[in-house]
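First up is the structure itself, then whatever we jot down about it.
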Amino acid sequence: MLIALDMDGTLLNEEGKISPENREAIVHAQSLGHIVVIATGRSYMDAERQLRLVDLKCPVVSLNGAVVTLPDRTLAASKPLNKEDIIPALRWMSGIPELYYEVYTEDNVYVELDKRVRLEKLSELNDEDVPGELRWLLKAMIDKQFQQASVTYVESMEEIWSKDEYVIFKTLAFSLNRELLKEASTRFAAIPGLIITASHVNNIEINHKDANKGSGVGMLAAHYGIPAEQVAVMGDSYNDLPMFEMAGYRIAMENAAPILKETADFVTGNHAENGVAEGLRHLLENNEGQ
């Protein structure tokens, strides 16, 4: 089998780490000859760092499928965005204080400093201004940045999009104002060749139209000669849906979005309670002899 695991909200616990229990379950699956793949919205550098911390080697589908890397760090595929097409939309977002956004290159994440400061201030507001659930989400986004291997703060994102050496693979936008987020989505949707997904109702993620977790996992399955019916996937968010749609077996986390639970073959435990280890045990027990 090829087994694809999402990272945030799935493989990583609340501290942003791979627990010993989850690591042991992955090693056991690998020892049985199964290919365990990491499929994440994070950059390859961030994903590989998490694996290296616990001495794991896996193929990685990063940046929502925009980059596919083999265990020996060979780049198997990449789908960058056309900067000239997206610059007008990025420039518009830079001028909207209520719209926070990040730009991802292959090995770095760029954030405008004033938007980071605004994000921190929002997370400190009381329930009257920002409901507790959204303040928790804001704090989670800030904590995730600290967990990432490489985040660079810039005065203006023009420093990134104006230089040829920076190749952009993904951008993420977040706002408490869903109308503004809808406007951002509309602007990107008008640009040919893009796909817009989300990992939460308050964000959108923009990639090349051929870059999604499903296509990345499918490319690796073909590389290893594994048919789609022998592909199992595990995830929690909307951006995991493309790999849920192509896989032969789907496992949703207990903390997953409702639509993933509805389409899942099995619902495992919470990401904070070694749900990946539980899901892998279930998967392997039900695939013995296959």
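Out of Leu241, Leu176, Leu180, I need the residue that is of a type in the set (A, V, I, L, M), assigned to a helix (DSSP H, G or I), open to solvent by 20 Å² or more (accessible area, probe 1.4 Å) and not assigned by the TED database to the domain that holds Asn22. Which one?
Exactly one of Leu241, Leu176, Leu180 is of a type in the set (A, V, I, L, M), assigned to a helix (DSSP H, G or I), open to solvent by 20 Å² or more (accessible area, probe 1.4 Å) and not assigned by the TED database to the domain that holds Asn22, namely Leu180.
Within the stretch 275-290, restricting attention to residues that are in a helix (DSSP H, G or I) and out of contact with any Phe, Trp or Tyr (no Cβ under 9 Å at 6 or more places or on another chain), which residue is farthest from Pro20 (Cα to Cα)?
Among them, the one singled out is Glu285.
Step by step: first the residues of the stretch 251-263, then only those that are among the aliphatic types (A, V, I, L, M) and in a helix (DSSP H, G or I), then the one that is most open to solvent (accessible area, probe 1.4 Å). Which residue is that?
Checking each candidate, the answer is Ile259.
Residue by residue through the stretch 1-48, note down the ones that are more than 17 Å from Pro71 (Cβ to Cβ), aliphatic (A, V, I, L, M) and within 19 Å of the chain's Cα centre (by Cα).
Leu12 - this is the single residue of the stretch 1-48 that is more than 17 Å from Pro71 (Cβ to Cβ), aliphatic (A, V, I, L, M) and within 19 Å of the chain's Cα centre (by Cα).
Would you be able to say whether some residue in the stretch 264-274 is more than 29 Å from Glu84 (Cα to Cα), open to solvent by 60 Å² or more (accessible area, probe 1.4 Å), part of a loop (DSSP other than H, G, I, E, B) and touching a Phe, Trp or Tyr at 6+ places or on another chain (Cβ under 9 Å)? It would help to see each step written out before you state the result.
Kept after step one, since they are more than 29 Å from Glu84 (Cα to Cα), are these residues of the stretch 264-274: 264-274.
From what is left, the residues that are open to solvent by 60 Å² or more (accessible area, probe 1.4 Å) are 265, 267, 273.
If we keep only those that are part of a loop (DSSP other than H, G, I, E, B) as well, we get 265.
Subset that is touching a Phe, Trp or Tyr at 6+ places or on another chain (Cβ under 9 Å): 265.
Yes: one or more hits.
Suppose we filter Glu48, Glu24 for residues that are charged (D, E, K, R) and either open to solvent by 40 Å² or more (accessible area, probe 1.4 Å) or not in a helix (DSSP H, G or I) (or both); which single one remains?
After ruling out the rest, the residue left standing is Glu24.
Determine whether Asn212 is in contact with a helix residue (DSSP H, G or I) (Cβ under 8 Å, 6 or more places away or on another chain) and surrounded by 22 or more Cβ atoms within 10 Å (Cβ to Cβ).
The answer is yes for Asn212.
Restricting to the stretch 153-198, name every residue that is aromatic (Phe, Trp, Tyr), more than 17 Å from the chain's Cα centre (by Cα) and at pLDDT 90 or above. Step through it out loud before you land on a result.
Of the residues in the stretch 153-198, the ones aromatic (Phe, Trp, Tyr) are 153, 161, 166, 169, 174, 188.
Narrowing further to those that are more than 17 Å from the chain's Cα centre (by Cα): 153, 161, 166, 188.
Trp161, Tyr166, Phe188 - these are the residues of the stretch 153-198 that are aromatic (Phe, Trp, Tyr), more than 17 Å from the chain's Cα centre (by Cα) and at pLDDT 90 or above.
Take the residues in the stretch 90-110 that are without any contact (Cβ under 8 Å) to a residue 60 or more places away in the chain and farther than 15 Å from Ser162 by Cα; name whichever of them is surrounded by the fewest Cβ atoms within 10 Å (Cβ to Cβ).
Gly95
Of the residues Ile204, Ile196, which single one is crowded, with 21+ Cβ neighbours inside 10 Å, in contact with a Phe, Trp or Tyr (Cβ under 9 Å, 6 or more places away or on another chain), assigned to a strand (DSSP E or B) and among the β-branched types (Val, Ile, Thr)?
After applying the criteria, what remains is Ile204.
Looking at the stretch 151-171, is at least one residue without any contact (Cβ under 8 Å) to a residue 24 or more places away in the chain and open to solvent by less than 50 Å² (accessible area, probe 1.4 Å)?
no
State all residues of the stretch 215-238 that are touching a residue at least 60 places away in the same chain (Cβ under 8 Å) and open to solvent by 10 Å² or more (accessible area, probe 1.4 Å); if no residue qualifies, say none.
Within the stretch 215-238, Ser215, Met219, His223, Tyr224, Ile226, Gln230, Asp236, Ser237 meet the criteria.
If I ask for residues that are small (Gly, Ala, Ser) and either under 18 Å from the mean Cα position of the chain (by Cα) or closer than 22 Å to Glu229 by Cβ (or both), which ones from the stretch 249-269 would you list?
Within the stretch 249-269, Ala252, Ala256, Ala257, Ala264 qualify.
The values are calculated or read from the model by the stated rules, or taken from the named source; none is laboratory data. As the structure is a computational prediction, the values presented were derived from the model and not from experiment. Every residue, glycine as well, gets a Cβ built from its backbone with ideal geometry; the counts of neighbours run over all protein chains shown. When the accessible area is computed, the model is the full protein with side chains, heavy atoms only, and any ligands, DNA or RNA have been set aside. Shrake-Rupley method; radii C 1.70, N 1.55, O 1.52, S 1.80 Å.
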